[in-house]
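Structure first, commentary second.
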Amino acid sequence: MGFPGTWMTESESMVYRVVPKCACSSIGQIMFYSDHGRYFDGDIHDSTSGLHKWNQDESQKAIEDSVRARRSLTFTCVRNPYARILSSFFDKIAGIQRNGKRYRGNLVPQLIQRYGVDVGSPENNFDFDQIASFRRFLLFARDTIRWRRPMEPDIHWSSMSGHIATFIANGGRYDQIFFTEKFNEGMQKVLDAADTPVKVDVNDVPRFNESEGHGPKRAHKVSDYFDDLSRHLVWEIYKRDFKLFRYDFDNPDNKYPLAEVDLDEVHAKLGR
């Protein structure tokens, strides 16, 4: 199976297991810069050179060799599950994608028809009941993850531990796992521990949020979107994420983790 969702600098200074909706655009650009002294012109997800990616056939042997020999500093990044699923909704479901279209073609019409989700449109300035629509989307996300219907779960809302586990199961080991909510601190720690051709100060890095500005802005605080049933669904989907990455399930408005990640525990529990 190899190492799907894995990126590596060409210098092999670092290997990153991508977790969608967890600052992956910024991380990819920083990795690119740390090799080339410049940022990729465009969305880093579209790059086909300058950064090894598992989905590029010519990169697979290099990534596999480096991971198995533990030559590179290996890391990933996680995010509060409440904020992550909200971000997935506003970006992928309510937002318009970079190509000017809705995400995955018929997905949004299907959600409108089957789950009663309303996401507005640019024409009406994305005027819709965000809370009601998000809660209906959450039911859909749970159905895809629990029963794989009406479709397979999408990478943007499948659990972080699921993404992170494939790397461990196939023989990889993480040196660091840091939090999106403490991005500068965590990313700088990675850079300080990696032998990069170009030095990077994270405080000087511009923001790369590729989903910004293509859809509605979140109108309410996080906890407003999660009533008792919604929180039950979130726990059903992301229980392992909350526990392993130390996020606060009881207070959706507390975006910060309650403690650091225990790497040994992550490898023990996700490597089974």
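Counting only residues that are touching a strand residue (DSSP E or B) at 6+ places or on another chain (Cβ under 9 Å) and either open to solvent by 40 Å² or more (accessible area, probe 1.4 Å) or outside any loop (DSSP other than H, G, I, E, B) (or both), how many does the range 188-241 have? Explain how you work it out, then say what you get.
Keep residues of the range 188-241 that are touching a strand residue (DSSP E or B) at 6+ places or on another chain (Cβ under 9 Å), which gives 189-191, 193-197, 241.
Filter once more, keeping what is either open to solvent by 40 Å² or more (accessible area, probe 1.4 Å) or outside any loop (DSSP other than H, G, I, E, B) (or both): 189-191, 193, 195, 197, 241.
Residues in the range 188-241 being touching a strand residue (DSSP E or B) at 6+ places or on another chain (Cβ under 9 Å) and either open to solvent by 40 Å² or more (accessible area, probe 1.4 Å) or outside any loop (DSSP other than H, G, I, E, B) (or both): 7 in total.
Can you work out which of the residues in the range 16-42 that are more than 26 Å from LYS92 (Cβ to Cβ) and not aromatic (Phe, Trp, Tyr) is least open to solvent (accessible area, probe 1.4 Å)? Walk me through it before giving the result.
We begin by selecting, within the range 16-42, every residue more than 26 Å from LYS92 (Cβ to Cβ); these are 33-38.
The next check asks that each one be not aromatic (Phe, Trp, Tyr); those that pass are 34-38.
Numbers: SER34: 0, ASP35: 27, HIS36: 67, GLY37: 37, ARG38: 131 Å².
Looking at residues that are more than 26 Å from LYS92 (Cβ to Cβ) and not aromatic (Phe, Trp, Tyr), I get SER34.
Name the single residue, out of those in the range 139-151 being more than 17 Å from the chain's Cα centre (by Cα) and outside any loop (DSSP other than H, G, I, E, B), that is farthest from SER230 (Cα to Cα). Walk me through how you get there before you give the answer.
Here is the first cut: in the range 139-151, the ones more than 17 Å from the chain's Cα centre (by Cα) are 139-140, 142-144, 146-151.
Those left that are additionally outside any loop (DSSP other than H, G, I, E, B): 139-140, 142-144, 146-147.
Details: LEU139: 8, PHE140: 12, ARG142: 10, ASP143: 13, THR144: 15, ARG146: 15, TRP147: 18 Å.
That would be TRP147.
Which residue is modelled with the lowest pLDDT, if the candidates are limited to the range 117-134 and must be charged (D, E, K, R) and in a loop (DSSP other than H, G, I, E, B)?
Going through the range 117-134, the residues charged (D, E, K, R) turn out to be 118, 123, 127, 129.
Adding the requirement that they be in a loop (DSSP other than H, G, I, E, B) leaves 118, 127, 129.
Values: ASP118: 95, ASP127: 91, ASP129: 97.
The residue in question is ASP127.
Would you please list the contacts, defined by Cβ atoms under 7 Å and residues six or more apart or on different chains, that run from a residue in the range 153-170 that is under 20 Å from LYS92 (Cα atoms) to a residue that is outside any loop (DSSP other than H, G, I, E, B) and of a type in the set (Phe, Trp, Tyr)?
SER159/TYR238
Could you say whether any residue in the range 128-137 is open to solvent by less than 80 Å² (accessible area, probe 1.4 Å) and among the charged types (D, E, K, R)?
Scanning the range 128-137 turns up at least one residue that is open to solvent by less than 80 Å² (accessible area, probe 1.4 Å) and among the charged types (D, E, K, R).
Quick one: in the range 254-266, which of the residues that are in contact with a Lys or Arg (Cβ under 6 Å, 6 or more places away or on another chain) and open to solvent by 30 Å² or more (accessible area, probe 1.4 Å) is nearest to ASP129 (Cα to Cα)?
Just the residues of the range 254-266 that are in contact with a Lys or Arg (Cβ under 6 Å, 6 or more places away or on another chain), to begin with: 257-259.
Cutting the leftovers down to open to solvent by 30 Å² or more (accessible area, probe 1.4 Å) gives us 258-259.
Values: LEU258: 32, ALA259: 35 Å.
My answer is LEU258.
Filter the range 77-128 down to the residues that are of a type in the set (Asp, Glu) and at positive phi and list them by number. Full working, then the answer.
Keep residues of the range 77-128 that are of a type in the set (Asp, Glu), which gives 91, 118, 123, 127.
Of everything in the range 77-128, nothing turns out to be of a type in the set (Asp, Glu) and at positive phi.
So in the range 43-58, with the set limited to residues that are of a type outside the set (D, E, K, R) and without any contact (Cβ under 8 Å) to a residue 24 or more places away in the chain, which one is least open to solvent (accessible area, probe 1.4 Å)? Spell out the reasoning first.
Keep residues of the range 43-58 that are of a type outside the set (D, E, K, R), which gives 44-45, 47-52, 54-56.
When the remaining residues are screened for being without any contact (Cβ under 8 Å) to a residue 24 or more places away in the chain, the result is 47-49, 56.
Details: SER47: 4, THR48: 104, SER49: 80, GLN56: 21 Å².
For the range 43-58, the residue satisfying everything is SER47.
From the list PHE245, PHE226, pick out the single residue that is aromatic (Phe, Trp, Tyr), closer than 24 Å to MET31 by Cα and out of contact with any Gly (no Cβ under 8 Å at 6 or more places or on another chain). Please lay out each step first, then the result.
On the way: PHE226 fails: closer than 24 Å to MET31 by Cα.
On inspection, the qualifying residue turns out to be PHE245.
Within the range 239-272, which residues are free of Cβ contacts under 8 Å to residues at least 12 places away in the same chain and within 16 Å of PHE167 (Cα to Cα)?
Hits for the range 239-272 are ASP264, ALA268, ARG272.
Conditions: (1) of a type outside the set (Ser, Thr, Tyr); (2) within 17 Å of THR74 (Cα to Cα); (3) more than 11 Å from the chain's Cα centre (by Cα). ASP154 meets all but one. Number of the miss?
So ASP154 meets the others, but not (2).
The values are calculated or read from the model by the stated rules, or taken from the named source; none is laboratory data. None of these values were measured; they are calculated from a predicted model. With ideal geometry, Cβ positions are generated from the backbone for all residues, glycine too; neighbour counts draw on all protein chains shown. Just the protein is used for accessible areas: all its heavy atoms, side chains included, with ligands, DNA and RNA removed. Shrake-Rupley method; radii C 1.70, N 1.55, O 1.52, S 1.80 Å.
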